[in-house]
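Notes follow the structure.
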Amino acid sequence: MEKVRMGVIGLGNMGTTHAHNIAKGKIPGMELSAICDIAKGRREYASEHFPAVKVFEHAQDLFESGLVDAVVISVPHYDHPPLAVSAFAHGLHVLTEKPAGVYTKQVLQMNEAAKQSGKVFGIMYNQRTNPVYQKIKEMIESGQLGGLKRVTWIITDWYRPQAYHDSCTWRSTWKTEGGGTLINQNPHQLDLWQWMFGMPDKIMSFCSFGRYYDIEVEDDVTAYLQYDNGMTGVYITSTGEAPGTNRLEIACDMGQVIVEGNQILFKRNVESEREFNQRFTGIFGKPEWWRCEVLVNADGGQQHIGILKNFAQAILKGTPLLAPGEEGIRGLTISNAIHYSAWTHGWADLNHFPHEEFYSLLQEKIKNSKVVKKEIQRTTGTEGTY
C-alpha cells in the first residue's frame with residue numbers, strides 16, 4: 001500500500017475539517033476517497049467541495065464499497081462504537097473522534113472488536129501532540145519531579161452560551177449527547193490526566209445539572225480523585241464561567257509545576273522535600289527553590305493533522321500510535337465515574353467499575369430525557385405542552 005484511502009463518516013464541524021486537511025494533501029500517505037453523511041445538505045456540500053470523491057448516505061454502503069482502507073468517524077458520541085465495530089468487521093482501519101463512546105460497556109465491546117480485527121485503531125486525542133503536555137509527561141516519567149503529591153486542574157474557560165446548547169438538536173441531553181461538559185468539552189483533558197498521571201483508584205464528585213443553562217446535563221463539576229499510592233487530585237470544570245481559567249498545578253517532592261497559558265513554570269526545590277524533612281531539625285523552614293521556566297514549543301503541536309499523520313504512518317510503516325484507540329476507555333471511565341459518583345452520592349471504584357450498573361442508571365436518565373418527552377408528545381399530539 002502506497003497510500004491510505006481514507007473515508008470520512010460524518011461531515012459536521014470536525015469531519016469537514018478532516019476532509020479538507022486530507023484533500024489538501026496535508027497528510028502524507030493519505031488520500032480522501034469517500035465521504036458519508038445522513039444529512040442531504042452535508043452530502044450536497046461534499047459533492048460541491050470534493051467533486052472527485054464518492055459520497056454516501058449510509059455508512060454500510062461506504063464500508064462495502066471497496067473504495068477505502070480506513071475511516072475516521074466524526075458523528076454524535078453514541079454512534080462511535082457501533083460504527084467502529086462495523087468498520088472492523090469489514091476489514092477497515094479505524095480512527096474515531098473523541099470521546100470513545102458514552103458508556104464504558106459499549107467501548108469495551110469496541111475494543112474487543114478492534115483486537116479481533118488486527119487493524120490499526122486510533123482515537124483523535126490531538127492534545128497528546130501538544131509539546132507542553134508531552135514535556136510534563138516526560139518530566140514525570142524521568143523522575144525529575146520525584147513523587148507526586150497532589151494534582152489540581154481548574155479548567156473553566158469552556159464558556160458556552162445558551163444559544164450553543166440550542167444550536168443542535170442532539171446537544172446537551174442524555175439521550176442524544178450522553179452528558180454535558182464531561183462528554184463534550186472535557187474528554188481531551190480527562191485523557192491527558194490519565195496519560196500524564198495514571199488512572200485514579202477512587203473518585204468522589206459533585207455535579208450541577210443545568211445550573212447555568214436550560215439543559216438537563218452537567219454544566220459544573222468538582223471531582224476528588226484518590227490514588228492508592230497516596231496521590232490525590234481535584235478536577236474542576238464548568239461551561240458557565242467567563243472568562244474562566246485553565247490552570248494545572250502539580251505538587252511534587254521536587255516542588256511545584258504550574259501549567260497556564262501554554263507555558264510551564266517549575267518552582268524547583270534544590271533538594272527533595274522528603275529528604276529535607278528527614279534532615280532538617282529546625283522548627284520553621286522549607287527547601288530552597290529556584291524559579292525555572294521550562295522552554296517548550298508553544299505552538300500547541302500539530303493537533304488533528306498530527307494524529308492523522310501518525311495514523312497514516314501506523315498503517316503504512318507500523319509506526320507506534322501516539323493515541324491508540326483502546327486507550328479511549330480510560331478517560332471515559334473517569335468521566336463515567338464522575339457521573340456515577342454524583343448520581344449515587346458515593347465513591348466510584350475505578351478498579352472495579354460497575355459497567356452494567358452505570359449503563360442502567362444512564363438508561364433511566366435517557367428515559368426521563370427532555371428529548372424523549374418531546375418525542376412522546378409528538379406521537380401523541382401533545383407537543384408544545386411540555
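Data table
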| item | result |
| --- | --- |
| Translational diffusion of the chain, µm² s⁻¹ [Kirkwood Rh, Cα pairs; Stokes-Einstein; 4 °C; 1.567 mPa s] | 58 |
| Solvent-accessible area, 1.4 Å probe, carbon plus sulfur percent, for the chain | 50 |
| Built amide H within the under 5 Å cut-off of Val4, gap 5+ | Met30, Glu31 |
| Pairwise label distance in nanometres, Asn297 with Leu67, each label 7 Å out on the Cα-Cβ vector | 3.5 |
| 5 angstrom amide H check on Lys98, placed H, neighbours 5+ away | Met124 |
| 15 Å cut-off, amide nitrogen to a point 7 angstrom out along Cys168 Cα→Cβ, residues in the stretch 99-130 | 99-102 |
| Segment Asn246-Glu57, extension gain: residue separation times 0.36 nm, minus the distance between their alpha carbons | 64.1 nm |
| Surrounding net charge for Asn246, when Lys and Arg each add one and Asp and Glu each subtract one, Cβ distance under 12 Å | -3 |
| Near-label residues of the stretch 153-192 by backbone N, under 20 Å of a point 7 Å along Cα→Cβ of Phe206 | 153-157, 180-182 |
| Residue-wise HN-Hα coupling along the stretch 263-268, computed from phi with Karplus coefficients 6.51, -1.76, 1.60 (Hz; x: Gly, Pro) | 10, 10, 10, 10, 7, 8 |
| Label-zone membership for the stretch 187-227, site Glu356, 7 angstrom Cα→C-beta point, backbone N under 18 Å | none |
| Mean separation of Cα contacts under 8 Å (6+ apart) over length of the chain, as relative contact order % | 19 |
| Cα→Cβ-extended label distance, 7 Å offset, between Asp228 and Lys370, nm | 4.2 |
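The values are calculated or read from the model by the stated rules, or taken from the named source; none is laboratory data. None of the values given here were measured: they were computed from a predicted structure. All Cβ positions, glycine included, derive from the backbone under ideal geometry; neighbour counts span all protein chains shown. The area values use the complete protein model at the heavy-atom level, side chains included, leaving out ligands, DNA and RNA. Shrake-Rupley method; radii C 1.70, N 1.55, O 1.52, S 1.80 Å.
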